[in-house]
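All remarks here apply to the structure that follows.
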Amino acid sequence: MRADFWNTRDDLNQSAVAFLLTDLTAAATLADIALHTTDHQRRERAGSKARNAYKTVLRLAGRYEFTSEQMRAFRQKVEALRSKLRRLGANFATDQPA
């Protein structure tokens, strides 16, 4: 029974990490939409959603254990998204480093 608990916990952790990585990919797509649209409202909406996803992922990431490969992918995705958000005018002076 105890082994089942740890297996379930590990499965949950891995699913959560996979979700965070997927969310970063989705946020990067939203940032790309914002960067390439000529529609001001669409740019604001997509940029805002990307920024909210960025903040949420950073807030949640500390709750889970990443493998070294997952952490490397996480940091790369965070930095790529941060770069796009900067181009959209975001200021990261108050964010915690990834």
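The values are calculated or read from the model by the stated rules, or taken from the named source; none is laboratory data. Worth saying up front: this structure is predicted, and the values here are computed from it rather than measured. A quick note on method: Cβ atoms are made from the backbone with ideal geometry, for glycine too, and the neighbour counts reach across all protein chains shown.
Among the residues of the range 39-59, those identified as of a type outside the set (Lys, Arg), touching a helix residue (DSSP H, G or I) at 6+ places or on another chain (Cβ under 6 Å) and within 14 Å of residue 90 (Cα to Cα) are 46, 47, 50, 53, 54. Checked against the criterion of being farther than 30 Å from residue 10 by Cα and not β-branched (Val, Ile, Thr), the candidates 85, 60, 81 yield just one match: 85.
Of all the residues in the range 38-66, those that are touching a residue at least 40 places away in the same chain (Cβ under 8 Å) and hydroxyl-bearing (Ser, Thr, Tyr) number 1.
The set of residues in the range 58-98 that are at pLDDT 95 or above, among the aromatic types (Phe, Trp, Tyr) and either in a loop (DSSP other than H, G, I, E, B) or touching a strand residue (DSSP E or B) at 6+ places or on another chain (Cβ under 6 Å) (or both) comprises 64, 66.
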